[in-house]
Number of protein chains: 2
Amino acid sequence: MKTPRAERLVDMTHYLIERPRTLVPLTFFANRYSSAKSSISEDLTILKKTLKERGVGLLETIPGAAGGAKFYPYILEREADEFVNDMLKQVNDETRVLPGGYVYLSDLLGQPAILRQVGRLIATEYLNTKIEAVMTAATKGVPLAAAVAEQLNVPFVIVRSGENKVTEGPTVSVNYLTGSSKHVEKMELSRRSLPTGLNILIVDDFMKAGGTINGMKTLAKEFESDVKGVAVFAEGRANERQVNDFTSLLHVDTNLDSGEVIKVQLGNYKENIFRGRENKIVRN
Amino acid sequence: MKTPRAERLVDMTHYLIERPRTLVPLTFFANRYSSAKSSISEDLTILKKTLKERGVGLLETIPGAAGGAKFYPYILEREADEFVNDMLKQVNDETRVLPGGYVYLSDLLGQPAILRQVGRLIATEYLNTKIEAVMTAATKGVPLAAAVAEQLNVPFVIVRSGENKVTEGPTVSVNYLTGSSKHVEKMELSRRSLPTGLNILIVDDFMKAGGTINGMKTLAKEFESDVKGVAVFAEGRANERQVNDFTSLLHVDTNLDSGEVIKVQLGNYKENIFRGRENKIVRN
């Protein structure tokens with residue numbers, strides 16, 4: 001029995017949103033709903049229009065008998081600004097300042113709604129770029145990496161620093177120079193967690209001089225990966241940076257000469273995501 | 001201008017699915033679509049029917065002028081069995097066995113589609129229970145905890161073991177007995193990451209004797225929390241368990257007396273999720 005349009009629309013929305021960047025063939029939906037492909041095409045036109053109007057994402061529709069639909073989640077600049085400004089207000093709190101120029105963020109990065117918005121934001125920068133895996137450093141980068149990977153619908157891998165853990169099997173390790181204290185540390189990634197030759201996006205919660213991120217870049221090279229970008233929730237103050245090309249939502253200064261304990265500003269996301277590259281789609 | 005029903009259905013599906021267990025008032029939708037509440041009520045009836053028929057979740061509709069809708073994601077037993085049996089096949093691989101009875105799972109627990117299904121499964125057990133936070137142990141439990149927290153729409157917190165990290169601020173720490181090697185370790189949780197007095201669900205990737213989970217229970221007590229349940233992706237072999245009441249998807253034995261290197265069976269999820277409690281909704 002043919003599924004009515006109203007029910008098709010509800011199910012298709014759910015189905016496509018749960019599978020970002022995946023081509024779902026017209027024939028799949030036609031069989032699922034015992035409906036003609038022409039009806040499914042009309043449904044997809046409604047979906048495309050609504051998801052665009054509500055700023056949810058781009059539904060790419062591929063016409064023809066072999067065609068289908070692919071959903072690319074994004075965030076529009078207006079919604080991104082509103083979200084990042086809300087984060088700015090929440091981070092701008094003296095009690096968040098920790099020794100060594102670090103800032104307490106775990107409460108924010110443990111909230112599903114915040115993680116989803118960060119994921120949508122970062123995914124928007126790579127709307128036209130094929131990313132095949134997300135890489136992060138244990139432990140605090142993990143929730144962010146998982147959120148970005150979800151929006152891009154690719155796997156994520158966790159790099160571990162310090163002493164060997166016994167529960168990962170054979171690993172590849174590299175040495176790296178920590179930015180601030182300038183000593184040599186070791187980080188490693190399980191050999192089987194990442195195939196070689198992938199396009200990679202590096203994600204982390206906080207970056208100061210960029211030592212950890214630089215280490216991940218070196219490690220990615222060992223896996224013959226191509227690092228397509230670096231994204232962090234917040235960048236801290238750094239006299240010398242080891243990493244120059246990155247996107248940040250927030251810029252956080254602590255213990256300034258002026259006597260201020262914390263000063264939070266917007267990071268470079270507006271420039272990188274909404275002004276840069278070819279993201280005409282999300283300029284509004 | 002009034003939004004047509006077709007567009008309302010697409011947007012409402014997206015809106016409700018992104019906000020599990022949150023009451024969205026009828027008036028909110030009525031304003032959003034410049035539509036009568038009676039039309040919105042009819043829309044919600046279509047959504048409810050479709051989400052149920054497709055096994056996506058329960059849309060609770062609260063009637064009346066002050067009413068609205070709340071979406072509870074779940075998974076039906078049939079889909080859960082299919083998923084867990086697929087996991088069983090993938091885990092049943094000799095090369096996954098690591099020293100000390102551990103099993104390599106990071107490749108699976110780094111895939112968004114797998115994490116979503118685990119999240120739906122665990123959330124199904126707590127369909128009728130108010131959970132206010134998810135707790136896990138660094139590092140490998142984090143992706144699972146984030147996935148479960150997303151389906152329950154609650155924050156998650158990460159307990160760290162071993163030496164003090166400087167980036168978390170004031171912490172509460174407890175000592176615990178590791179299950180296998182029986183030595184005393186320390187684990188800690190940042191004081192500000194968890195309010196006191198919450199209903200908590202403990203989630204981890206792998207449990208052997210249960211030392212880590214027992215430690216988390218002790219830590220939860222320090223936060224005056226009520227541990228409502230424990231869920232793990234896989235349970236390993238243990239001669240003596242410190243934790244008895246838990247839900248597992250898989251049971252993994254390694255290096256058996258029979259000479260087998262690995263033996264994977266279903267965990268106790270069927271009993272705990274689909275036979276137990278009052279989950280009549282998801283029995284099919």
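The values are calculated or read from the model by the stated rules, or taken from the named source; none is laboratory data. Predicted model only: the values in this text are computed from it and were never measured. FYI the Cβ positions are ideal-geometry reconstructions off the backbone, even for glycines, and counts take in every protein chain you see.
List of remarks:
- Flag for residue A:221 being in contact (Cβ under 8 Å) with a residue 40 or more places away in the chain and either of a type outside the set (Phe, Trp, Tyr) or under 18 Å from residue A:183 (Cβ atoms) (or both): no
- Unmet requirement for residue B:67, which otherwise passes all of (1) in contact with a Ser or Thr (Cβ under 9 Å, 6 or more places away or on another chain); (2) of a type outside the set (A, V, I, L, M); (3) at pLDDT below 95; (4) closer than 28 Å to residue B:236 by Cβ: (4)
- Considering the range B:192-244, the residues that are at pLDDT 95 or above and of a type in the set (Lys, Arg) include one that is surrounded by the most Cβ atoms within 10 Å (Cβ to Cβ), namely B:217.
- Annotation: residue B:113 fulfils all but one of (1) surrounded by 20 or more Cβ atoms within 10 Å (Cβ to Cβ); (2) closer than 21 Å to residue A:153 by Cα; the unmet one is (1).
- Here the range B:254-265 is the region considered, the condition is being at pLDDT 95 or above and out of contact with any helix residue (DSSP H, G or I) (no Cβ under 6 Å at 6 or more places or on another chain), and the residue that is surrounded by the fewest Cβ atoms within 10 Å (Cβ to Cβ) is B:265.
- Checklist (1) surrounded by fewer than 17 Cβ atoms within 10 Å (Cβ to Cβ); (2) more than 14 Å from residue B:14 (Cβ to Cβ); (3) basic (Lys, Arg); (4) within 14 Å of chain B (Cβ to nearest Cβ) applied to residue A:49, failing item: (2)
- Among all positions in the range A:35-46, there is no residue which is surrounded by fewer than 16 Cβ atoms within 10 Å (Cβ to Cβ) and in contact with an Asp or Glu (Cβ under 7 Å, 6 or more places away or on another chain).
- The range B:86-116, subset in contact (Cβ under 8 Å) with a residue 60 or more places away in the chain and in contact with a Leu (Cβ under 8 Å, 6 or more places away or on another chain), residue farthest from the other protein chains (Cβ to nearest Cβ): B:88
- Any hit, the range B:94-108, residues being assigned to a helix (DSSP H, G or I), in the same structural domain as residue B:254 (by TED's automatic domain parsing) and in contact with a helix residue (DSSP H, G or I) (Cβ under 6 Å, 6 or more places away or on another chain): yes
- In the range B:248-275, the residues that are over 13 Å from residue B:102 (Cα atoms) and either among the acidic types (Asp, Glu) or in a strand (DSSP E or B) (or both): B:248, B:249, B:250, B:257, B:260, B:265, B:266, B:271
- Residue in the range A:141-151 that is assigned by TED's automatic domain parsing to the domain that holds residue A:263, buried (at least 24 other Cβ atoms within 10 Å of the Cβ), under 16 Å from residue B:116 (Cα atoms) and charged (D, E, K, R) present: yes
- Restricting A:171, A:129 to those that are surrounded by fewer than 21 Cβ atoms within 10 Å (Cβ to Cβ), within 12 Å of chain B (Cβ to nearest Cβ) and not small (Gly, Ala, Ser) reduces the list to A:171.
- When residues in the range A:52-79 are screened for being in contact with an Asp or Glu (Cβ under 7 Å, 6 or more places away or on another chain) and within 12 Å of another protein chain (Cβ to nearest Cβ), 2 of them pass.
- The range A:54-74 residues that are in the same structural domain as residue A:17 (by TED's automatic domain parsing), paired with ones that are among the β-branched types (Val, Ile, Thr) and part of a strand (DSSP E or B) (beta carbon under 6 Å, 6 or more apart): A:68/A:24; A:68/A:62; A:69/A:24; A:69/A:61
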